[in-house]
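> Structure in structure tokens, see below.
What follows is calculated from the coordinates using simple rules that are stated; it is not laboratory data. The shown structure was predicted, so the numbers you read here are calculated from the model rather than taken from an experiment. Here Cβ is always computed from backbone atoms with ideal geometry, including for glycine, and neighbour counts include all displayed protein chains.
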Number of protein chains: 2
Amino acid sequence: MTPTKSWRQWLPTLPILNWGRHYDRVTLASDLTAALIVTIMLIPQSLAYAMLAGLPLEVGLYACIAPLLLYTIFGSSHVLAVGPVAVVSLMTATAIGSHATAGSPMYWSIALTLAFLSGTILLLMGIFRLGFLANFLSTPVISGFITASALLIAASQLKTLMGVAAEGNNFIELITSLMRQIPQTHGLTLMIGVFALLFLLAIRLGFKQLLVRWGIAEKIATGITRTAPVFLIALTILLAWIFQWQAQGVKIVGTIPQSLPPFTLPLWDMALWKELALPALLISVVGFVESVSIGQTLAAQRRQRIEPNQELVALGASNLSASFTGGFPVTGGFARSVVNFDAGAQTPAAGGFAAIGIMLAALLLTPALYYLPQAILSATIMVAVLSLVDIGILKKTWAYSKSDFASVVATLLVTLWVGVEAGLLVGIGVSLALFIFRTSQPHIATIGLVPGTEYFRNVLRHDVLVSPQVVSLRVDGSLYFANSRSLEDRINQTVADNPKIQHLLLQCSAINDIDASALASLESLNQHLREAGITLHLTEIKGPVMDKLQHTHFLRDLSGKIFLTHYQAMHELAPEIEQVSSRAN
Amino acid sequence: MTPTKSWRQWLPTLPILNWGRHYDRVTLASDLTAALIVTIMLIPQSLAYAMLAGLPLEVGLYACIAPLLLYTIFGSSHVLAVGPVAVVSLMTATAIGSHATAGSPMYWSIALTLAFLSGTILLLMGIFRLGFLANFLSTPVISGFITASALLIAASQLKTLMGVAAEGNNFIELITSLMRQIPQTHGLTLMIGVFALLFLLAIRLGFKQLLVRWGIAEKIATGITRTAPVFLIALTILLAWIFQWQAQGVKIVGTIPQSLPPFTLPLWDMALWKELALPALLISVVGFVESVSIGQTLAAQRRQRIEPNQELVALGASNLSASFTGGFPVTGGFARSVVNFDAGAQTPAAGGFAAIGIMLAALLLTPALYYLPQAILSATIMVAVLSLVDIGILKKTWAYSKSDFASVVATLLVTLWVGVEAGLLVGIGVSLALFIFRTSQPHIATIGLVPGTEYFRNVLRHDVLVSPQVVSLRVDGSLYFANSRSLEDRINQTVADNPKIQHLLLQCSAINDIDASALASLESLNQHLREAGITLHLTEIKGPVMDKLQHTHFLRDLSGKIFLTHYQAMHELAPEIEQVSSRAN
């Protein structure tokens, strides 16, 4: 590696330089079509997620524009569409909630600060190639967290749908508060909301198939299905204007300023930064994990690859840009990326064109949204998040592994009962603790020779040959401080169970590491066995483990030998077994 | 198992019923001799550790009596002597320090409460067989913690030795404060202290060998060496009385009440209990680990065994008794147990007799200690703890494993700079985090056939046969959420490096577990490889792992096969390799 390369590798790469070089008219046409469809879809979604985050609605539009442009430059996925998403908006609302009142200028400033911190964290993780840290969010924890967040979001939108004011710091409080508000339900608002909900659900669940069955071409059916939410919005705006719903107590969106994204600055307040550091970190990691998993799924379908560390840089740049252009934390969204993919987006340029579309909407379209009932936006959010609920994960993990099931349940319950941050932290903690617990009690098998082969397998599972004088154990796990005693216990038990034992063989093929505590334990085992007249041998030690043991007292004092293969050891110590074995062959 | 047995197993057993049955006159004589020697040794030690804990000196004696008796009934070690020990006394002082002033009645009450909580924790851990939890204190963490504690204790005693008042919340502050006090050093106190220190060090380091070389019989030399500390005490008491040292500013022990252990009660204050819970837990675990390691070392020398969960019950009972008889947290002490062992103690009865000895001392001997200079007790403590300092562990772990070294250093530095509780917690946290980190990046080897055998080893370390079409990887670690991505990356790399690859074989002999996240990752790998025209096969899957995989989608959708042995797989997929191999043979 040349010195030039060594500093250059720390610079972010610009994927746009690769795909931009081959950009042609055909690609442009595909990208423009996809951008148009994504823009139409993004307008109501971004307004809705801004509402969910407790921010003025136009902030949702601002949070699309610069981030989409920046992702176009830095992103490695060709179809990922970034912007406000449901779970991150919920996390944003939770993080700001304790510092300011929703809707206040301070609240927005803190949202900008959160985007700034989150962007900085993502960028640093990308530059220092720390993408692997996201692996500590296990699949069960993510599933449990997303499901619980979706339920929380759906519950939080019920109040807008019912036209009441409900409060609650967790799912139970929220639901209880809503129950108590049932008598105050605003009838017309509820009717509008329920109608919108049913309409959107119907579209999502089978409208397209219905249209196709009615003889409409698949392509046109898809187009109708996709524009249906926009039709709903147009229809309700019209109805609200004609019947002056706001005079009857229906809450409407009201004035949304017509403007390009403003130039804004995050707050430079160290005390605030300190308090926002943990939420910002969690928002970054959740956003990154969501985004990368969407990106990878879609890339694999086209035999492309995305580079996780490059994604970190791209998401970092997107969030930083959001903090300077009046936005809030963003990440890659599932539905819009799938739509972008299906609509035929070929390069990240599609995202750039969508940014221009949203910019035009922010400049020109917002007055048209004046009469839009808020309940419509709530219905949009609810339908979007209900697809994230995955109760099946409970059944699946229960069948596969009780400890994965425990991680899902812990994350789910704590997220619902306490909150999103606590839920994530408890989930990570529980999954790590259960991993430690599992490895602290390794499976240890007594093994014997499979007749006619050189292989040794568990005596309890296979019909194998054993010797009463030469007993073989296989340890299925690395030896470290938390499990070294359990090996001692098992060996003491083995010695007690085999009164004729002269040689104890440890097959080390599954031992990937031996730490200092386990080494001390092996030293004392060797000592005790020697005193009891039993010789300890080790077989099939792996290279990296042998390298560490090479110069230790343990190897010097070992009463027995080190064998390259377990078969060689048995050949030397218990040749009678081998004769039986070859006869069996 | 009969139903009677199933509830009986939860009851503590009474080892005294076993050894008591065979008790005879020979054993009695041995035990009595050992008890006398231990009593003489314990008197100054227990006074000194009470002083270290910030308690009235007689509390040290009280803390020996009931605990020794209770351990005699419940303990499974035949030679362990319980009572106040250095590290636990330091931890006690630290825990109480923020709640009361040393020497006040409140301080003592909190010490009783700490013993009560610690006893309860130990007893519950014993009853619920949670002894394995102590395994989470790794050898490096214990070594680092004990060494740092010893240095802290030695530094804290310097002020008594110098006759000054020094304060400090950590090692650095303590040493700085002492430096500033140097001009105020009380000359006579320092002279007495330094003389005592040198005298005790000389005895410990080579006095016995010197006596033997002078022609004195070994047994007599041992006796002289052991009684030398008592001689020192007698001598300094005499000198202090004759020269009226206290009139010259030397701090003396003063009046120690003549009394049997009083009946006391711990404080029933839930707020206090909550604050003491963590210190009590740490004291319990450290005390248990120290005690069990001493007990096991000594038991092994006589081919006896101790039962860790029974030890928890015994230590729990000892601490509970201490809380009701004016004591403070106790555990098994190293020096006194070794002395008990060397002096020929045969059964725990020796401890019971020593309890009676201490009781007599508390009733009759205390007035004689009036003139004892406190500096003598400090010198006793310093010499005792300096033997606990193990700086060699740094060199040893550095050579063996950098991550064990990091655990030692982190524990050592945090204990010195912040305190005992923080040091232990950071040590446990660091050692767990490093374990997770190591397992999150498993060693993955490309393997080939060792010619003339059925074994496969790392291509980088052994001269082995490989096929360009059939590539074999061996994963040296369980697959779980934190490392599943690193397997994906390695497989993608392998595919890129082997353009002719048709079959990818994963040797799973070192995979001890596959969790839900890793399963999801394997599912997507299988999918991607299939799309690239590469078949994925698994070999040598262990029984427990196979049990879990049995009914999963992954196994149903696997493009390749499951082979019992890697050799069978190569035999079927790449027979040409086998021919080369047999020719080599």
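> Only bridges with both residues in chain B count here: give the DSSP antiparallel percent, nearest 5.
50 percent
> While we're on this one: Strictly over 32 Å apart at the Cα level, which of B:LYS208/B:LYS396; A:LYS500/A:LYS542; B:LYS251/B:LYS395; B:LYS159/B:LYS402 would you flag in this model?
Too far apart for the 32 Å limit: B:LYS251/B:LYS395; B:LYS159/B:LYS402.
> Now for a separate question. List A:THR101, A:THR113 from most exposed to least, where exposure is judged by having the fewest other Cβ atoms within 10 Å.
With the fewest neighbours first, A:THR101, A:THR113 line up as A:THR101, A:THR113.
> Moving to a separate point now. If you count, for every residue in B:136-146, the Cβ atoms of partner chains within 10 Å of its Cβ, what is the mean?
Per residue, the average neighbour count from other chains is 3.
> Counting DSSP beta bridges in the protein assembly as shown, what percent are antiparallel, to the nearest 5?
Around 50 percent antiparallel, to the nearest 5.
> Charges only on Cβ, +1 for Lys and Arg, -1 for Asp and Glu: so what's the dipole of region A:27-404 about the Cα centre, in debye to the nearest 20?
It comes to approximately 740 debye.
> A:LYS219: which aspartates and glutamates have alpha carbons under 19 Å from its alpha carbon, excluding same-chain residues fewer than 8 sequence positions away?
Here the aspartates and glutamates satisfying the reach criterion relative to A:LYS219 are A:ASP31, A:ASP342.
> With bins 10 Å wide starting at 0, give me the P(r) of chain B over every alpha carbon pair, in whole percents.
3, 15, 21, 19, 13, 11, 10, 6, 2, 0
> Mind ranking A:515-524, A:166-175 by how tightly packed they are, going by the mean number of other C-beta atoms within 10 angstrom, highest first?
Final packing ranking: A:515-524, A:166-175.
> Here is a further query. Might you report the magnitude of the Cβ-based charge dipole of region B:443-584 about its Cα centre, with Lys and Arg at +1 and Asp and Glu at -1, to the nearest 20 debye?
So the dipole magnitude of region B:443-584 works out to roughly 100 debye.
> Quick one: angle between helix A:349-360 and the longest Cα principal axis of chain A, in degrees between 0 and 90, rounded to 10, please.
Helix A:349-360 sits roughly 30 degrees off the main axis of chain A.
> Right, something else. Under a straight-distance cross-link criterion of Cα-Cα below 29 Å, which lysines are reachable from B:LYS274, leaving out those fewer than 8 residues away in the same chain?
A:LYS274
> Size of the dipole of region A:339-450 about the Cα centre, Lys and Arg at +1 and Asp and Glu at -1 on the beta carbon, nothing else charged, in debye to 20?
300 debye
> With viscosity set to 1.306 mPa s at 10 °C, what whole-number translational diffusion coefficient in µm²/s follows for region B:443-584 from Stokes-Einstein and a Kirkwood radius over Cα pairs?
104 µm²/s
> Using per-residue counts of other Cβ atoms within 10 Å, averaged over each peptide, order B:220-227, B:473-480, B:158-165 from highest down.
Descending mean neighbour count gives B:473-480, B:158-165, B:220-227.
> Treating the angle as unsigned and between 0 and 90°, give the value, to the nearest 10°, between the Cα long axis of helix A:308-324 and the longest Cα principal axis of chain A.
So the inclination is approximately 30 degrees.
> For region B:272-286 and region B:149-225, what is the centre-to-centre distance using only Cα atoms, to the nearest Å?
After rounding, the separation between the Cα centres reads 31 Å.
> Any idea what angle helix B:374-386 forms with the longest principal axis of chain B, computed on alpha-carbon atoms, 0 to 90 degrees, nearest 10?
20 degrees
> Considering only B:PHE263, B:THR380, B:VAL285, whose Cα is most displaced toward the positive end of the charge dipole of chain B, charges sitting on Cβ of Lys, Arg (+1) and Asp, Glu (-1)?
Toward the positive end, the furthest listed residue is B:THR380.
> What is the packing order of peptides B:293-301, B:500-508, taking the mean over residues of other C-beta atoms within 10 Å and listing the highest first?
B:500-508, B:293-301
> Of the beta bridges DSSP finds with both residues in region B:443-584, what % are antiparallel, to the nearest 5?
Restricted to region B:443-584, the bridges split so that about 40 percent are antiparallel.
> Then there is this: Averaged over A:56-62, how many beta carbons belonging to a partner chain fall within 10 Å of each residue's beta carbon?
0
> I would also like to ask the following. In whole angstrom, note down how far apart the Cα centers of region B:12-73 and region B:370-404 are.
24 Å
> Across the residues of B:512-523, average count of Cβ atoms on other protein chains within 10 Å?
The per-residue average across the peptide is 6.
> Per the helix-only calculation at 222 nm, which mean residue ellipticity applies to chain B, given -39500 (n - 2.57) for every DSSP H run of n ≥ 4 and division by its residues, nearest 500 deg cm²/dmol?
-20000 deg cm²/dmol
> With the cut-off at 1.5 for a/c, could you classify region A:460-538 from its C-alpha gyration tensor as rounded, prolate or oblate?
Since a/c reaches 1.5 but b/c is at least a/b, the shape of region A:460-538 is classed as oblate.
> Measuring label to label, 7 Å along Cα→Cβ, what does B:THR13 give against each other copy in nm, shortest first?
Spelled out, the distances from B:THR13's label point are 6.4 nm.
> Find which of B:GLY543, A:LEU28, B:LEU178 sits farthest along the positive direction of the dipole of the protein assembly as shown, computed with +1 on the beta-carbon of Lys and Arg, -1 on that of Asp and Glu, about the Cα centre.
B:GLY543
> Please name whichever of A:GLY429, A:PHE145, A:LEU200 sits farthest to the positive end of the charge dipole of chain A, dipole taken about the Cα centre and charges placed at Cβ: Lys and Arg +1, Asp and Glu -1.
A:LEU200
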